[in-house]
Amino acid sequence: MDGFIAFAWERIIPTLDAGLWTSILLIVPASLFGVAIGVSVGALRVYGPRPVVKTLDAYVSLFRGTPLVVQLYFWYFALPYVRIGDFALVLSPMWAAIVGFALCSGAYQSEYIRGGLLSIKRGQLRAAQALGMTPFQSVTSVVLPQAFRRALPGCGNEIIYLIKYSSLASIITVSDLTGMGRSLAKSSFRNTEVFVVVGLYYLALVTIASFLLKIAEKKLEIPGFESKRE
Amino acid sequence: MDDPVILRVENIVKTIGGQRILDDVSFSVKKGHLKVLIGPSGAGKSTLLSCINFLSPPDSGTISLDGKAVDGKSRKELLALRQQVGMIFQDFNLFDHLSALDNVRVALVKVKGLDKRAATNRAMEELARVGLADKSTLYPAQLSGGQKQRVSVARALAMDPKVLLLDEPTSALDPELIGEVLTVIRDLADLGMTMVMATHQISFSAALADEFLFMERGRIVERGAPSQLLARDSGSRTQSFCAKLSELAGDGHCEIAPAPRA
């Protein structure tokens, strides 16, 4: 046990701390883009014109229906070979991961938002329109604020998933928590110790995220939208 | 009787799912008058009201406000029409995430473009008018049904509508809460607000209405002054419908001969 603590202190923690920043730099933008995509796609799938709805439905089924690893391989390894004329887009490992996570997360988030939107009674939309609001105003200032509150627990859940599947970035050569952990495990042959600590790092990230999400829920709480029912 | 006509509804036809919900309905409302739509459920009263502000656009026919026919295909004209025609719904349809004050204020800011200060003042005025100045910070979940409906009246009035459409404003309320909403409606009628109201509160509205329109199967089958239609020997559909309602309620309110409106 002594050996473990010394090893953890001297080798594992410094190594993982370097990867931790990379992970955070992946997770934060990816989850923000994911929520932004989810809200816009979710709203358009409920209120948009038919061709838009069809297109976005296709987006969601594609990104929910294929493995995330395959999507990451596509963004990182395959995209450079997709040429439009003379132009090919080459993403850095970081950007490939952020794009991949955001698009996948957005597909799931849009489902939570869609569910939230559908839970708001149609009458409120009618009331907003009866006051002379445009359809866009009715959705953004009446329906979405309520739907978002209803969808928040689900959206938070998706962010927590994202924290964990961010570990897949390591397979497209990003030196995140998992990537750094794996190279240390390989070079030191101490798999058990290293991966236990890697796991604890993710647990800590998820715990912090859950705490922040709870604060967000409390901040947005108003009568009629409580996070707990008496 | 030379008040100008504010709202004219001509030959409205509306079909939903192959069924003719409104079949060539026409009427007009003069400034300061109250028309009351009566009739059995499914007669088309609610649909008629929501055709007037194009919440469900009529298939054919014309709606004219202040003598100007509204082009239902022009988005701009529709939005302008809706600003000038207030609507009260049976189930209130307050915005659940906004306080009473914000429910009244939101359209003043977003639609009328008032600055926040002016909108707040106006919204508080309207809440005071319906007796809810002290409830302005409460959310819909914290209000009773009667209070919610009064907030929705304040919300509609804040837009300075030329006409107010009321779709069974008391039907979703507990009996003991109906009175407070009816009082607000009576005050509006006394102040000369132009209104079209669908209701089952026949004896109440008889005292206020300038005309009853009795609807059945998408048509206006009878129209006339309440006193005339409700006269016991009139043999009118309105009278027999009212008698049936009061028999069910057991209050025998149909016989009253309403006093002519002052």
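The values are calculated or read from the model by the stated rules, or taken from the named source; none is laboratory data. The structure displayed is predicted, hence computed values, not measured ones. Cβ: placed from backbone, ideal geometry, glycine included. Neighbour counts: every protein chain shown. Protein only, heavy atoms only, side chains kept; ligands, DNA and RNA dropped before computing areas. Shrake-Rupley method; radii C 1.70, N 1.55, O 1.52, S 1.80 Å.
Some values worked out for this structure:
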read-out: Residue pairs meeting the criteria (Cβ under 8 Å; at least 6 apart or on separate chains; first within 17 Å of residue B:46 (Cβ to Cβ) and away from every other protein chain (no Cβ under 14 Å), in the range B:153-182; second open to solvent by 10 Å² or more (accessible area, probe 1.4 Å) and among the β-branched types (Val, Ile, Thr)); value: B:170/B:178
read-out: Filter result for residue A:89 (open to solvent by 70 Å² or more (accessible area, probe 1.4 Å), free of Cβ contacts under 8 Å to residues at least 60 places away in the same chain, of a type in the set (A, V, I, L, M) and at negative phi); value: yes
read-out: Entirely in the range B:156-262, the strands (runs of 3 or more DSSP E) that have 1 or more residues that are at pLDDT 90 or above, over 30 Å from residue A:129 (Cβ atoms) and open to solvent by 10 Å² or more (accessible area, probe 1.4 Å); value: B:219-224
read-out: Leading residue by the ranking (nearest to the other protein chains (Cβ to nearest Cβ)) among those in the range B:81-112 that are open to solvent by 50 Å² or more (accessible area, probe 1.4 Å) and in contact with a Leu (Cβ under 8 Å, 6 or more places away or on another chain); value: B:83
read-out: So residue B:78, is it crowded, with 19+ Cβ neighbours inside 10 Å, under 16 Å from residue A:127 (Cβ atoms) and either modelled with pLDDT under 95 or within 14 Å of chain A (Cβ to nearest Cβ) (or both); value: yes
read-out: Leading residue by the ranking (nearest to the other protein chains (Cβ to nearest Cβ)) among those in the range B:113-124 that are free of Cβ contacts under 8 Å to residues at least 12 places away in the same chain and open to solvent by 50 Å² or more (accessible area, probe 1.4 Å); value: B:113
read-out: Neighbours by Cβ (under 6 Å, 6+ apart or cross-chain): first from the range B:134-152, at the interface with chain A (Cβ under 8 Å from one of its Cβ atoms) and surrounded by fewer than 23 Cβ atoms within 10 Å (Cβ to Cβ); second among the hydrophobic types (A, V, I, L, M, F, W, C) and assigned to a helix (DSSP H, G or I); value: B:138/B:100
read-out: Residue match in the range A:184-194 (condition: over 20 Å from the mean Cα position of the chain (by Cα), surrounded by 13 or more Cβ atoms within 10 Å (Cβ to Cβ), in a helix (DSSP H, G or I) and among the hydroxyl-bearing types (Ser, Thr, Tyr)); value: yes
